[in-house]
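Take a look at the structure set out below.
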Amino acid sequence: QVQLVESGGGLVQTGGSLRLSCAASGSGFSINTMGWYRQAPGKQRELVATITSDGITNYVDSVKGRFTISRDNPKNTVYLQMNSLKPEDTAVYYCYCTTGGRWFWGQGTQVTVSS
């Protein structure tokens, strides 16, 4: 019903920046919360950032002050601006959205931060 397509991942040096995008498409849906998870090998998956339909944001402590989540509701797109990247940010990042009490996930995009 809802398809999420991610883009913007890549390889960046420590201290660099990346901007992830996730666009939702489909029909007959209204999205509530959107956000980003990440998972790195050997580490537990974690919720990085969320944003409600009203623009209320939350972040995991480790990215506060460095990452910014935003959304463009007419485009059904959520973004994650990542600045001052660190090697520990290296992970596969997955976007998600909720609609009608259901969860949908993007395909994942690799973010690699080299030291």
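The values are calculated or read from the model by the stated rules, or taken from the named source; none is laboratory data. Computed from a predicted structure; not experimentally measured. Cβ atoms come from the backbone with ideal geometry, glycine included; neighbour counts cover every protein chain shown. Heavy atoms of the whole protein, side chains included, go into the accessibility calculation; ligands, DNA and RNA do not. Shrake-Rupley method; radii C 1.70, N 1.55, O 1.52, S 1.80 Å.
Which one of Ile56, Ile31 is without any contact (Cβ under 8 Å) to a residue 12 or more places away in the chain and β-branched (Val, Ile, Thr)?
Ile56
Of all residues being of a type in the set (Phe, Trp, Tyr) and under 16 Å from Val60 (Cβ atoms) in the stretch 88-115, which is most open to solvent (accessible area, probe 1.4 Å)? Just the residue, please.
Tyr94
Against the condition out of contact with any Gly (no Cβ under 6 Å at 6 or more places or on another chain), closer than 22 Å to Gly101 by Cβ, surrounded by 14 or more Cβ atoms within 10 Å (Cβ to Cβ) and among the basic types (Lys, Arg), how does Arg38 come out, does it pass?
no
Mind listing whichever residues of the stretch 1-25 are open to solvent by less than 80 Å² (accessible area, probe 1.4 Å) and under 14 Å from Tyr96 (Cα atoms)?
Val2, Leu4, Val5, Glu6, Ser7, Leu20, Ser21, Cys22, Ala23, Ala24, Ser25, listed by residue number.
Here is a yes/no grid of residues against (1) surrounded by 12 or more Cβ atoms within 10 Å (Cβ to Cβ); (2) under 21 Å from Thr112 (Cβ atoms); (3) not basic (Lys, Arg):
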residue	(1), (2), (3)
Ser27	no, no, yes
Arg45	yes, yes, no
Ile51	yes, no, yes
Arg66	yes, yes, no
Met82	yes, yes, yes
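Name the one entry in Ser7, Ser53, Ser27 that is at pLDDT 95 or above and of a type in the set (Ser, Thr, Tyr).
Unique residue meeting the criteria: Ser7.
Output the number of residues of the stretch 41-53 satisfying the condition of being touching a Ser or Thr at 6+ places or on another chain (Cβ under 6 Å) and either in contact (Cβ under 8 Å) with a residue 40 or more places away in the chain or part of a loop (DSSP other than H, G, I, E, B) (or both).
The total comes to 1.
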